[in-house]
1. Can you name the residue in region 268-304 that is β-branched (V, I, T) and open to solvent by less than 20 Å² (accessible area, probe 1.4 Å) and is also farthest from M226 (Cα to Cα) among such residues?
2. For region 1132-1219, which fully contained strands (runs of 3 or more DSSP E) count at least 3 residues that are of a type outside the set (A, V, I, L, M, F, W, C)?
3. I'd like the full set of residues that are out of contact with any Leu (no Cβ under 7 Å at 6 or more places or on another chain) and either at pLDDT 95 or above or open to solvent by 100 Å² or more (accessible area, probe 1.4 Å) (or both), limited to region 338-364.
4. How many residues does region 615-641 contain that are in a loop (DSSP other than H, G, I, E, B), touching a strand residue (DSSP E or B) at 6+ places or on another chain (Cβ under 6 Å) and within 28 Å of I495 (Cα to Cα)?
5. Can you name every residue in region 247-267 that is over 19 Å from D99 (Cα atoms) and open to solvent by 10 Å² or more (accessible area, probe 1.4 Å)?
6. With S93, S121, S115, S111 as the choices, which residue is among the polar types (S, T, N, Q), within 26 Å of L315 (Cβ to Cβ) and either at pLDDT below 90 or surrounded by 17 or more Cβ atoms within 10 Å (Cβ to Cβ) (or both)?
7. Can you tell me which residue within region 419-464, out of those that are modelled with pLDDT under 85, open to solvent by 40 Å² or more (accessible area, probe 1.4 Å) and aliphatic (A, V, I, L, M), is nearest to Q627 (Cα to Cα)?
Amino acid sequence: MGSKARCYKRATQLSAMALFRDVVVLWLVALLVESVAGLSKFGVDPPTTAQCTAVTNILRFDCYPEDGATEELCNNRGCCWLPPTTAERKDPSLGVILDIPYCYYPTGYGSYELSDLSDTSAGKSATLKRTVASYIPNDINTIQIDAKFESQTRLHVRLYDPANQRWEPPLPQLPQVAGGETNTDYEFVMEESKIGFQVVRKSTKEVLFNTQDVGGFIFADQFIQMSALLPSNYTYGLGEHRASFPLNMHWQRFTMWNRDQGPSEYTNLYGTHPFYLSMETSNNAHGVLLFNSNGMDVLLQPTPAITYRTVGGILDMYFLMGPTPADVVKQYTELIGRPFIPPYWGLGFHLCSNSIAAVIFITNQTTMGFLINCIMVTLAVWVLGATSIPTNTHLSNATLRLGLDPPATEQCTAVENGMRFDCYSETGANEELCHARGCCWIPASLSEHRLGLATPYCFYPANYAALYGGYTISDVSDTDSGKSATLVRTAASFIGNDVMTVKIDAKYETGNRLHIKVYDPANERWEPPLPVMPTVDSKASDTDYEVVFDETKVGFQVVRSSTSEVMFGKSAVYSIARVMPGAMRPPKQLGGGGRGNDEPTKHLPLVRTCFNTQDLGAFIFADQFIQMMTYLPSKYIYGLGEHRASFPLSTEWSQFTMWNRDQSPGENTNLYGTHPFYLAMEASGNAHGVFLFNSNAMDVLLNPSPTLTYRTVGGILDMYFLMGPTPADVVKQYTELIGRPFIPPYWGLGFHLCRYGYADLADTKAAMTRTQDAGIPLDTQWNDLDYMENQNDFTYDTDKFAGLPDFVDDGSEASGTYPPYDRGVELGVFIKDSSGTPFLGKVWNPVSTVWPDFTHPDSITYWKEMLQSMYDLFEFDGAWIDMNEPANFLDGSTTGCANSTLNSPPYTPAVAGGSLISRTVCMDADQYAGKHYNLHNMYGFTEAIVTSTVLAEIREKRPFVISRSSFVGMGVYSGHWSGDITSSWSDMAWTVPELLSMSLFGIPLMGADICGFNGDTTVPLCQRWMELGAFYPFSRNHNGKGQTAQDPASLGDDVVAASKKALLVRYSLLPYLYTLFYKAHTQGETVVRPIFFEFPSEDSTYRIDTAFMWGPGLLIAPVLQEGVTEVNMYLPKAQWYDFYTGALLASGGANSTLDAPLDTIPLLVRGGHILPMQEPGMTTTASRKNNFQLMVASDESGSASGELYWDDGDTLGTYEDEAYTLVSFSLQSSQLTGTPGKTGYTGENMNLATITVLGVSSASSVTANGGSATFTYDGTNKVLSITGLSVSLSESFTVSWS
C-alpha cells in the first residue's frame, strides 16, 4: 500500500504492550523543495463522492497517466478512483490503447487562481498564481498569459514563466507581430473566477478551444499539462504517427519524440508536428499549433477534448481561423514557412538499395526512359547498442559487428518455434534491426505483433556463435575444488563493452550442492555481500551431479549422476498456463515487443541434463548485460519471485522481471521482492533447485521448449545447484545456503487487526473492542500512518492519539523539532547523491524524504537510537517496515537523475514504469557498500537485518519484523505480506500461490491483507477470506483509507461466525504451527507446504495451487469462488480425515468433493500424523495457560507420529540455549507414546488433557500410564475421544486402548 504505520499489541491478562510499524524512510519537515504555501497534493484526503460522480465518463481527464496507478496513489493526488462500468483497460495488438481512466480529476480540483486580467495594446493578459502544490516537483508558481491578436485569422497565446527564461525553439523563426488587430474572426475570453481561457469564433459563437477549469492544469519545471474541450470529433494532424487521417478520438495518445522506429501504430516515429486541424459543427475549420520542441504526449478523448503533456519549454500556441481547411493550411505555412520547390528530376521515379556507398546519380538517356536516385540512408557505420569498440581487454582476434548480413533461410527454418531465443528483447524490433544483429526475422504464423511475449519474431539462428563469432571454450581442467574452463570472445556482441575473457569455476561443495561461478577474471565486479554464503574450498567426493564441458561447445551441463533417465524430452514436457490459480486456459502472453503467438510446440530431441547451456542461443557477458540460456528438464518450474502467477509457472513465453518496486500486485509485472531461485521437477519425480546469486535488475524468461533465459544488467553469474532429490530436500538445502528462518514470538502467530484510516485513538479502540466483544481471538491491534504527527517517523499525533502512551504503556513525549534527520546527517547514514549530500525524494511527508543507508556501519547506532526514542514513549514489541523497495513518489530525486549508463543502462529489463529509476531513487546514488544500481533490490533486506538486530538489543526479547520488500535470505530476519491487494475474489485466490512461492524462498511467516486492502470488501468475500486468512502463518486483517470497515464484527453475524470458528481452530492448532516454525528454523522444512512436496511421485499434485498444507499433517482447502459451498480437488494417496468430525473422507488418489458450508473452511488431517493442539483462548497468552490436546490420525497400518516443540515464546535463543522441551509422539498397534527428548522449558504447566484418535475400528477400554481413562467412542466416524487426562508432557507417557 505504501502507508506507514505503528501497530499496538495488547494481550488480555498481560500488561499492555505495543507493536509499532516503522517506516523505511524518514519524513522531513525542515526541508522545502520549491513548495508553496498551501497543501501538498501528496497524501491529501481523497475527494468526496459527489465530486467524483459529478464527472461523466467522457469528461474524465487522466490524473495518473504513468504506469502502476492504484487507488491509493490516485487518492494521494487528490483525485477520484472509480473503475468504469462499461469497459476495462485494453491491451491492444500494438501497444496500450487508453480507455476510460480509473484515476481522474474531480470537480473543483485546486491549482492556480487567475488574476490581473487586463487589456493590452497587443490583446489581453492575465496572471495565474498557484495556490496548491501539484504532485509534480518544482511548480512554477506564477504564470503569465499573453494573448496577441496578430491578424484577423491568427491569434498567438503564450503561457510562460515571467521570472525565468525557459527554452523556446529558435527555429523556424516565426514572425514577430506587435498585435492589436481589432478586426478579428475570434474572441479571446478569460474570467477571474475560472482557470484558463477560451477561443471563440465570432461569426458562429462556437467555442473552439476551452481550457477553463478543465482537467488539471500543471506548469512545472519539467512537466506542463493543459487540457481543453474541442468543438467536434473531426481532428487531423498531430504527427508523425501511423493512424487514420481523421484521428481516433477514443482515448488515443500521440507521442512526439523523433526516433529511428519502423512505422507501426501506437508509437512515436521519425517526426514531430504538434499541429492539428479541426472541423467545426458549422463546417468551418481552424488549426492549432503548439510551438514546443520537447518530448510530449497529446491525448484525444471522446468528450471531445485534447490534453497536452510536455516535459519542458512553454505553451506557445497559435490559433489559425481558416475558415476553410485549405485556408488553415495556408495560414499555417505562412507562419512556419512555405515548402520548397524540388528540382524537376526529383519528381521522377526513384530506385534505391541499402548499399555501403552514398551516391546520387541521374540518367537522362531517352533510351532508358527512367531516372534513378540511389541514396545510402545511413552514411556512418553503426553498431547497435555500442558507441565504440570495447577496450576492457584485447580485441586483436575479434571482429566488431557492423551490420551483419542476415543468416541463410535454412539456418532460420531449422529452429523450431519452441526453441526460438529472442534476439531483440527491447521494444521496437523490426526486420532491419534484427538482421543487423545477425538474427532471423520470421513473424509467427498464428498472429501479428501483440502486447506480450509470444513466439519471437527476431531470434538467434542455429549455430549463431559459429556464424558470427562469440565465445570459444578452452583450458578445460580438473581443479582441487571441481572443474574450470575459460571462454574467449572472438567477435563483439551487439551490446558493446563485452568482457572478452570469462572464467567458469565449478566447485563441488557438498554431495548435493554444486557451485558454478561465471565471472571476469581480470576485473572485480559487483557481488552481493549479503547474505554471506558458506566458503568451501575442498571437493566433495561423492556427488549426485556431474559437470560436463565440451571444448567444441560453449557452456556447460549439469547432469544428475544417480539416474540415467531422460530428464528432458517428450515424456517430461507438460504445458502449464493459468488465468487464475487452479483454472486452466490458453497461454497468456506477457510484456515485451516484437513477437507473436506460437504454433503448436514440437518436442525436441531427448536431453539428459538438469541444466544445459551448451551452444544455446547467444551467451553474452558484457559490462551491463549478461545473457545465458539453458534447457530445462520439464515444464514443472516453481519460484522466480516475487510475482503474481500460478504456482507452477507457465513456460509459454513467460517473463519474470525482478526489480523491487512499490507496485500493487498484478500479473505480468515486477513486485516488491527479488528471489532468483527456482525448483524444477524431473520426469522421475526427483527435484532440483537453481539459485542465481545476483542482486541486479533482471529478466528471467521461460519458453515452451522448455528453456530458460537469464538477462541481468550487472554482477556475475554466481549459481548454486541443489540436487534434492525430493522437493523438500531442495528447500532444506536452499535455506542451509541462504539462512534458516527465525522462530517468531508466539504472540506473532495470533490474529492481527489493522487499517489505514482510523480517525483517532478512539476509533482504533472501537475496532479492537468490538472484535473482542464478538468473541473473536485477537492478539495485536495495529495502526497505520494515521497516528503520526505530520506523517513524520518516530512521532505520534498528540491530539488525535493523545492517549497512546497510556493505551500501550506508561511513557512521555520527547521535546524538540525533528532530531531523526539531524542525527542522521551528523552520522552520515543517509543515501547520498553525487554531490555527497543526502539524496532527496518524496514519499508520505508533505515536503521531502531521505533514506537511511542500512549498509553503513553507523546505521545500527542510528536506528537503535531512533527506535529507542520511541520505546521510551511506549514499549513496543516489533516493527513493520514498509515502502522499503525503496519506494519514492518521484522518478529519482527532486531534481531528477543524471543522464548516465547507471540510470539508463544499455538494456533495461521489463520493469514497471519502463525505467530503473521509476518511483525509486537514482541508480547512481551512493551507499556505503556501493552504488544503488547494485544494491537496490537489497535495500529492504538490509533494513530488516538492522531492524531485527536493534529490536533484539532494545527489548532483549525475540524480534518481530514484517517487511514488504524482500530479497534472498529475508526469512532469517523478517516475515512478509503480499502488499496492497484488492478486495476481490480473484485477489484472494492469488494469495495461495504467493504463499506457496514464499515457502520455497525460506520466508514462512507470510500472509496477505485479509479481506483485501484496496476497494470495499463484501460480506460473502470477507467471510470466506477470514476463513482462509486464519491459516496464513501471518494472519492480519488490514484495509485502506476511505474503504468500508472490514474488521469482522463490523460486517455482521455471518462474518463474525465464520471468523470465530476459523480463528478458534487456528488458536487450537498453534502448538502444531509453532512446532513447524521450529522445524523450519532448525531443519529447513516448510511451514506452509505445497501438496506435491509430500507426494512427489504423484504428478497430479504438481499443478495444485488452490490448496496447501500446514506441515505434513494438515490440508487446507479454501473456498475461492463466490456462492460455492463445496471444494473439488485431487486428493493424493493417503487416509484423509475431516478435521471437524474425525470421519474418514477418502483414501486419495482421485478427485474428491469436500463440503464447505458458508461458515466452514474444509480441513483434512492426513493419516499417519499427530497434531499437538491446545484448548484455544482469546489471546495466545490465555491459550498457553490451557491444557494440551493431541489429534492422532492413523494411517492404513494404524500408525502415526508427530512432535511438539515448546518454549516460553518470547526469549531470545531458546533453541540455541536448549531452553525448550521437545516431545516425540508415536502410535503403533493401538498404543500411543510420548517421549520427551529435551526438557529445558520450565514455564507454564504442560499438561495433556485430551487425545482424539481418528480411524479407530473399535474401543472398549482405555488406559493411561497403566490406569483407566475416561473415553467415548464414535462408531459411525470411528473416533476415539479420551478426556480428563492429567499427563505431563515433560515426562514419558503411554496411552493404550483395546
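1. At the first step, the residues of region 268-304 found to be β-branched (V, I, T) are 272, 281, 288, 298, 303.
From what's left, open to solvent by less than 20 Å² (accessible area, probe 1.4 Å): 288, 298.
Details: V288: 14, V298: 10 Å.
Only one residue tops the list, namely V288.
2. 1150-1155, 1169-1174, 1200-1206
3. Looking only at region 338-364, we keep the residues that are out of contact with any Leu (no Cβ under 7 Å at 6 or more places or on another chain), and these are 338-344, 346-347, 350-357, 359-361, 364.
Answer for region 338-364, where residues must be out of contact with any Leu (no Cβ under 7 Å at 6 or more places or on another chain) and either at pLDDT 95 or above or open to solvent by 100 Å² or more (accessible area, probe 1.4 Å) (or both): R338, P339, F340, I341, Y344, L347, N354, I356, I360, N364.
4. 4
5. Restricting attention to region 247-267, the residues satisfying the condition of being over 19 Å from D99 (Cα atoms) are 256-264.
Those that are over 19 Å from D99 (Cα atoms) and open to solvent by 10 Å² or more (accessible area, probe 1.4 Å): W257, N258, R259, D260, Q261, G262, P263, S264.
6. On the way: S93 fails: within 26 Å of L315 (Cβ to Cβ); S121 fails: either at pLDDT below 90 or surrounded by 17 or more Cβ atoms within 10 Å (Cβ to Cβ) (or both); S115 fails: either at pLDDT below 90 or surrounded by 17 or more Cβ atoms within 10 Å (Cβ to Cβ) (or both).
The unique qualifying residue is S111.
7. L451
A quick yes/no check of all residues on (1) at pLDDT 95 or above; (2) among the aliphatic types (A, V, I, L, M):
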residue	(1), (2)
D615	no, no
A618	no, yes
I626	yes, yes
M629	yes, yes
P648	yes, no
N660	yes, no
N668	no, no
T674	yes, no
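The values are calculated or read from the model by the stated rules, or taken from the named source; none is laboratory data. Bear in mind that the values here come from a model prediction, so they are computed numbers and not experimental data. We place every Cβ from the backbone using ideal geometry, glycine too, and count neighbours over all the protein chains shown. Accessible surface areas use protein heavy atoms only, side chains included; no ligands, DNA or RNA. Shrake-Rupley method; radii C 1.70, N 1.55, O 1.52, S 1.80 Å.
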